[in-house]
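The values are calculated or read from the model by the stated rules, or taken from the named source; none is laboratory data. For clarity, every value in this text was computed on a predicted model and none was experimentally measured. Here Cβ is always computed from backbone atoms with ideal geometry, including for glycine, and neighbour counts include all displayed protein chains. Each accessible area value is taken on the protein alone, full model and side chains, heavy atoms only, with ligands, DNA and RNA left out. Shrake-Rupley method; radii C 1.70, N 1.55, O 1.52, S 1.80 Å.
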Amino acid sequence: MTDKTYCDRLVQDTPFLTGHGRLSEQQVDRIILQLNRYYPQILTNKEAEKFRNPKASLRVRLCDLLSHLQRSGERDCQEFYRALYIHAQPLHSCLPSRHALQNSDCTQLDSGSQSGELSDRGPMSFLAGLGLAVGLALLLYCYPPDPKGLPGTRRVLGFSPVIIDRHVSRYLLAFLADDLGGL
């Protein structure tokens, strides 16, 4: 995949996260409490109180928290992203580092379009392909190939039901039953 660590992602996402109105005070408090309660080795009680201090502005507290996590290490940054996902999932999905990861994954593996379509060529392309297939089927049905022209084709078609599913083999055997005596 990519070589970006959670600390690198946090450095990239810090300007976005500290932007005006991105995170509410309640969301920041929940993230701090989660990092303090569930992972007391990440934020001690004293640090949590410092980052939850209502006297300081939200942006300053958030900047201090993010810089503290960047200094703490990879695991702490990873737990911050987990807490951000839990408490601010819409914001988590809009992070610049997530868009960079998704774009790099798309360039490495082409997994098709995300909307679930098989092709982006549109309905006319599908109808043209379907029309071609129906036209060839009608042509073969109305004008069957001359058995004298290609004598080996009947033998090849005779062995193909071994490979093809049993439902298709019934139709091939019915088609071949007309002319098996001539071989």
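Might you check whether a residue that is part of a helix (DSSP H, G or I), aliphatic (A, V, I, L, M) and surrounded by 12 or more Cβ atoms within 10 Å (Cβ to Cβ) occurs anywhere in the range 8-16?
Taking every residue of the range 8-16 in turn, at least one turns out to be part of a helix (DSSP H, G or I), aliphatic (A, V, I, L, M) and surrounded by 12 or more Cβ atoms within 10 Å (Cβ to Cβ).
Being more than 12 Å from Phe80 (Cα to Cα) and touching a residue at least 40 places away in the same chain (Cβ under 8 Å) is the requirement here; does Gln34 meet it?
So Gln34 fails the test.
Anything in the range 44-82 that is under 29 Å from the mean Cα position of the chain (by Cα), surrounded by 15 or more Cβ atoms within 10 Å (Cβ to Cβ) and small (Gly, Ala, Ser)? List them, or say none.
Answer for the range 44-82, where residues must be under 29 Å from the mean Cα position of the chain (by Cα), surrounded by 15 or more Cβ atoms within 10 Å (Cβ to Cβ) and small (Gly, Ala, Ser): there is none.
Can you pull out every residue in the range 17-43 that is of a type in the set (D, E, K, R), open to solvent by 40 Å² or more (accessible area, probe 1.4 Å), within 28 Å of His99 (Cβ to Cβ) and part of a helix (DSSP H, G or I)?
Of everything in the range 17-43, those that are of a type in the set (D, E, K, R), open to solvent by 40 Å² or more (accessible area, probe 1.4 Å), within 28 Å of His99 (Cβ to Cβ) and part of a helix (DSSP H, G or I) turn out to be Glu25, Arg30.
Restricted to the range 11-20, and to residues that are under 29 Å from the mean Cα position of the chain (by Cα) and free of Cβ contacts under 8 Å to residues at least 40 places away in the same chain, which residue is nearest to Arg71 (Cα to Cα)?
By that ranking, first place goes to Pro15.
Can you tell me which condition Asp110 does not meet? The list is (1) under 30 Å from Gln12 (Cβ atoms); (2) surrounded by 10 or more Cβ atoms within 10 Å (Cβ to Cβ); (3) modelled with pLDDT under 60, and all the others hold.
The number of the failed condition is (2).
Could you tell me whether Thr44 is touching a helix residue (DSSP H, G or I) at 6+ places or on another chain (Cβ under 6 Å) and β-branched (Val, Ile, Thr)?
For Thr44, the condition - touching a helix residue (DSSP H, G or I) at 6+ places or on another chain (Cβ under 6 Å) and β-branched (Val, Ile, Thr) - is not met.
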